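The values are calculated or read from the model by the stated rules, or taken from the named source; none is laboratory data. Nothing here was measured: the structure is a model prediction, and the numbers come from that model. Neighbour counts run over all protein chains shown; Cβ positions are idealised from the backbone, glycine included. Just the protein is used for accessible areas: all its heavy atoms, side chains included, with ligands, DNA and RNA removed. Shrake-Rupley method; radii C 1.70, N 1.55, O 1.52, S 1.80 Å.
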Amino acid sequence: MLVSVLMDEYLALENRLTALIQSGVIDHASFNEAALAVHRFQRQHNAPLANYCDHRGTPLDITDWREIPAVPQSVFKRFRLSVAPPEAVTKTFLTSGTTGESRGQHHFLTTRLYDAAIVGGWSRLALPELRTLILTPSPAEAPHSSLSHMFEVLAERTSARFCLKADGRLDIAGISEEIAQGRPVALLGTALAFLNLFEQLGEHCLRVAPGSFAMETGGYKGSGRDIPKAELYAMFGQYLGLTADQVLNEYGMTELSSQCYTRGLDRPHETPPWLRTIIIDPETGEEVPTGATGILQLFDLANLGSSLAIETQDLAIRQAHGFTLLGRDPGALPRGCSRAADEALRAG
């Protein structure tokens, strides 16, 4: 009975938020009202989150979404941040990790809202629908990968091909054959996947047809590889004939349901209207002024089943519109606030 009541409440909110995302127009008042409704729902059904809010002294009757406490991203590895019991979950995504490292878990009752955010965010880019080459495993091969799921959702909108073999190697011959047909293509993958592609091509360069583009998601985690973004984008030009402005970067994470995008070099990431950001001073916890650097916090209406508000481990510069990502905070782990969050989430 309790699960049935939970599902009724969840589905009602899911319908409301899906319609809001699909409308594409969310002003401050609409976002604030929806965020507070999501927060109340999560605080009622997500015990670790409720403990955290209580420990922080956050009252139940807050009136502004900026008052919602952001849960540290790292706690997804140590606590089950879900509004639902295991039997109600239909999909779980896991963060990447090295051997012996705990992996964060993000549980979903349904992926309807998640998928709406993927499609809505992509549609805002107004990109052409092209034959798509995807440099990651398919969801069948990587069922717990949020990125593979995202790419499959996008692939359903056009003709697509996953170009990673079962043995984990890129299908270089298949990619070359697709490009050789002379039609524009979209290439989607992690930064590491593209780096592997370029290295395997060696002295052989491909030239994509005019109108083509690429989208890379960053990500060298666990590989021991990390090259400057400008150097990687120069390789897009060298091996594929793509200019920097024909390459997009997606900022997202397993713990989040929405994505932020930027194009080319030296431009801020822009957020969809159902996701808001705050950049805070790590010493004071106060929001920094425009142009200043701090820790990035994300408030995502599509994160209905877990935590609306997440404090990332990333440094960013606050911009008038969006943020400029600087990368991982070198002091993110371990640090005192993470231990304090642990204690707060365990309380109660």
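Please specify each residue of the range 238-297 satisfying the condition of being over 22 Å from Leu147 (Cβ atoms), part of a loop (DSSP other than H, G, I, E, B) and open to solvent by less than 30 Å² (accessible area, probe 1.4 Å).
Within the range 238-297, Pro273, Val288, Ala292 meet the criteria.
Can you list the helices (runs of 4 or more DSSP H) lying wholly within the range 1-108 that have 3 or more residues being under 21 Å from Ala309 (Cβ atoms) and small (Gly, Ala, Ser)?
On the way: elements: 2-23, 28-45, 47-56.
The qualifying helices (runs of 4 or more DSSP H) are 28-45.
Which of (1) open to solvent by 20 Å² or more (accessible area, probe 1.4 Å); (2) among the hydrophobic types (A, V, I, L, M, F, W, C); (3) within 20 Å of Gly264 (Cα to Cα); (4) under 22 Å from the mean Cα position of the chain (by Cα) does Met235 not meet, given it meets every other one?
Just one mismatch for Met235, condition (4).
Kindly evaluate Asp171 against the criterion of being open to solvent by 20 Å² or more (accessible area, probe 1.4 Å) and more than 25 Å from Leu308 (Cα to Cα).
Working: open to solvent by 20 Å² or more (accessible area, probe 1.4 Å): yes; more than 25 Å from Leu308 (Cα to Cα): yes.
When the stated conditions are applied, Asp171 passes them.
I'd like the residue in the range 26-80 that is aliphatic (A, V, I, L, M) and touching a Gly at 6+ places or on another chain (Cβ under 9 Å) and, out of all such residues, is most open to solvent (accessible area, probe 1.4 Å). Outline the logic, then answer.
Step one: of the range 26-80, the residues aliphatic (A, V, I, L, M) are 26, 29, 34-38, 47, 49-50, 60, 62, 68, 70-71, 75.
Still in the running and touching a Gly at 6+ places or on another chain (Cβ under 9 Å): 47, 50, 75.
Numbers: Ala47: 64, Ala50: 17, Val75: 0 Å².
Step by step, filter the range 26-80, then rank; the result is Ala47.
Yes/no matrix, rows are residues, columns are (1) within 17 Å of Ser148 (Cα to Cα); (2) open to solvent by 20 Å² or more (accessible area, probe 1.4 Å):
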position	(1), (2)
Pro85	no, yes
Val89	no, yes
Ser96	yes, yes
Ser102	no, yes
Gln105	yes, yes
Thr110	yes, yes
Ala117	yes, no
Trp122	yes, yes
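Pull up the range 1-25, narrow it to residues that are open to solvent by less than 70 Å² (accessible area, probe 1.4 Å) and under 20 Å from the mean Cα position of the chain (by Cα), then point me to the one that is nearest to Leu301 (Cα to Cα). Step through it out loud before you land on a result.
Residues of the range 1-25 that are open to solvent by less than 70 Å² (accessible area, probe 1.4 Å), as a first pass: 3-4, 6-7, 9-14, 17-21, 23-24.
Among the residues that remain, those that are also under 20 Å from the mean Cα position of the chain (by Cα) are: 14, 17-18, 20-21, 24.
Details: Glu14: 10, Leu17: 7, Thr18: 9, Leu20: 10, Ile21: 9, Gly24: 13 Å.
Checked the range 1-25; the qualifying residue nearest to Leu301 (Cα to Cα) is Leu17.
Keeping to the range 198-219, report how many residues are over 23 Å from the mean Cα position of the chain (by Cα) and either touching a residue at least 40 places away in the same chain (Cβ under 8 Å) or at positive phi (or both).
From the range 198-219, those over 23 Å from the mean Cα position of the chain (by Cα) are 198-212; that's our starting set.
Keeping just the survivors that are either touching a residue at least 40 places away in the same chain (Cβ under 8 Å) or at positive phi (or both) gives 198, 202, 211-212.
The total comes to 4.
Out of Arg276, Arg263, which single residue is charged (D, E, K, R) and within 23 Å of Leu197 (Cβ to Cβ)? I'd like the intermediate steps shown before the answer.
Values: Arg276 fails: within 23 Å of Leu197 (Cβ to Cβ).
When all the criteria are applied, what remains is Arg263.
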